[in-house]
Amino acid sequence: MNQDAFLTAVNVEYTFDDGPLHVLTDVNLSIPAGSFVAFLGPSGVGKSTLLRLLAGLLRPSAGQIELDGVPIHNARAPIGLVFQKDNLMPWRTAYENVRLPLELRRVNGREADGRVRDMLNLVGLQGFEQSYPAQLSGGMAQRVALARALVHRPSLLLLDEPFGSLDALTRERMGQELLRIWQAMPVTVAMVTHSINEAVLLADVVMVMGGRPATIAETIPINLMRPRSLEMQGEPVFQACTRQIRAAIQDSDSR
C-alpha cells in the first residue's frame, strides 16, 4: 500500500444484511491527497455503496478504510458529500442551506457569514443568497449543494452522480465549473459517474468497477494535461482513454 496515500481501502467487502446480498468484495484503492478519482461501472454494480463506505456512512463487512492514516469512522478531517439530488432544505434560503454545516459545528458570527458568502461567490451564486430552492434551476441548486459540502473546508469531497439529473448542456457546464472550483479550492475528490467522457475530462484516475460481487477491476490513469477543457474531447489521448475505459467496462461486465 502506498504510504503517501490519503484515502485507502484494504480488502473491503460489503454485504447487505437483508438478503443477504454480497455487493462488494476485495476492494483495494489508494488515493493521494489532492487527486481527482472517478468510479465507473454498470448500474447497480455498487459504486454508490462504495462511496457511502468511503464517507463512513456504512461500515465494511470486512476490511479497512482509512483517511489520512485514521479509520474512516474516527477520521479527524471533515468530509463533504454531494448526491445526485441536491437535498436542499426547501424552507431555507441558499445562504441558510450553505450555512447549515457551520451551524452544526457551532461556527457562527462573522466567520460563518464570511465563509458562506465566499463559498456562494466561488460557485457563482452572487445575488442569489436569499433565493429559496424552488426559485433556483437544477444547476443552481447543485451549486448550492456543492457550496454546502465545501463550506466547512473538507479534506475529502465525495460526489455521487452530482450532475446526473441535469440536461446535457448544463451537465457539461457544471463539469467545467467543478474543475474551476477544484482548482480554486484544492481538495481530494472521489466521484461516481456513468459518463465515460465526464470521467476522462475531470479525473486524474478512473477506477472501473465490475463483477458480482463487484470489485475494482481496472485502474486507468488519465494522462491529459491540466487545465482541462471541452475541446480536449477531440484529442487522440482523450479518445484513447475513452476506448480503454469502455473496453474495461465490457470486460468486467462479462466476468
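The values are calculated or read from the model by the stated rules, or taken from the named source; none is laboratory data. Quantities reported herein were computed from a predicted structural model and do not represent experimental measurements. Here the Cβ is made from the backbone with ideal geometry for all residues, glycine too, and neighbour counts use every protein chain on show.
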What number of residues in the stretch 115-139 are more than 24 Å from the chain's Cα centre (by Cα) and not in a loop (DSSP other than H, G, I, E, B)? 2
Any idea which of (1) among the aliphatic types (A, V, I, L, M); (2) in contact with a helix residue (DSSP H, G or I) (Cβ under 8 Å, 6 or more places away or on another chain); (3) at pLDDT 95 or above; (4) not in a loop (DSSP other than H, G, I, E, B) is the one residue 112 doesn't satisfy? (3)
Go through the stretch 155-178 residue by residue and tally those that are crowded, with 18+ Cβ neighbours inside 10 Å and within 15 Å of the chain's Cα centre (by Cα). 14
Does residue 68 fit the bill of being in contact with a Phe, Trp or Tyr (Cβ under 7 Å, 6 or more places away or on another chain), at pLDDT below 95 and not aromatic (Phe, Trp, Tyr)? yes
Just for the stretch 111-146: of the residues that are in contact (Cβ under 8 Å) with a residue 40 or more places away in the chain and β-branched (Val, Ile, Thr), which one is surrounded by the fewest Cβ atoms within 10 Å (Cβ to Cβ)? 123
Any idea which of 43, 35 is at pLDDT 95 or above and polar (S, T, N, Q)? 35
Which residue is nearest to residue 75 (Cα to Cα), if the candidates are limited to the stretch 1-13 and must be at pLDDT below 95 and surrounded by 12 or more Cβ atoms within 10 Å (Cβ to Cβ)? 6
How many residues does the stretch 71-108 contain that are in contact with a His (Cβ under 8 Å, 6 or more places away or on another chain), of a type outside the set (A, V, I, L, M, F, W, C) and modelled with pLDDT of 90 or more? 2
So, of the residues in the stretch 32-77 that are among the charged types (D, E, K, R) and assigned to a helix (DSSP H, G or I), which turns out to be surrounded by the fewest Cβ atoms within 10 Å (Cβ to Cβ)? 52
Which one is farthest from residue 9 (Cα to Cα) among residues in the stretch 90-110 that are surrounded by 12 or more Cβ atoms within 10 Å (Cβ to Cβ) and among the hydrophobic types (A, V, I, L, M, F, W, C)? 94
Criterion violated by residue 165 - all others in (1) out of contact with any strand residue (DSSP E or B) (no Cβ under 7 Å at 6 or more places or on another chain); (2) within 14 Å of residue 40 (Cα to Cα); (3) of a type in the set (Ser, Thr, Tyr) satisfied: (2)
Please enumerate the residues belonging to the stretch 14-31 that are touching a residue at least 40 places away in the same chain (Cβ under 8 Å), within 19 Å of residue 74 (Cα to Cα) and surrounded by fewer than 20 Cβ atoms within 10 Å (Cβ to Cβ). none
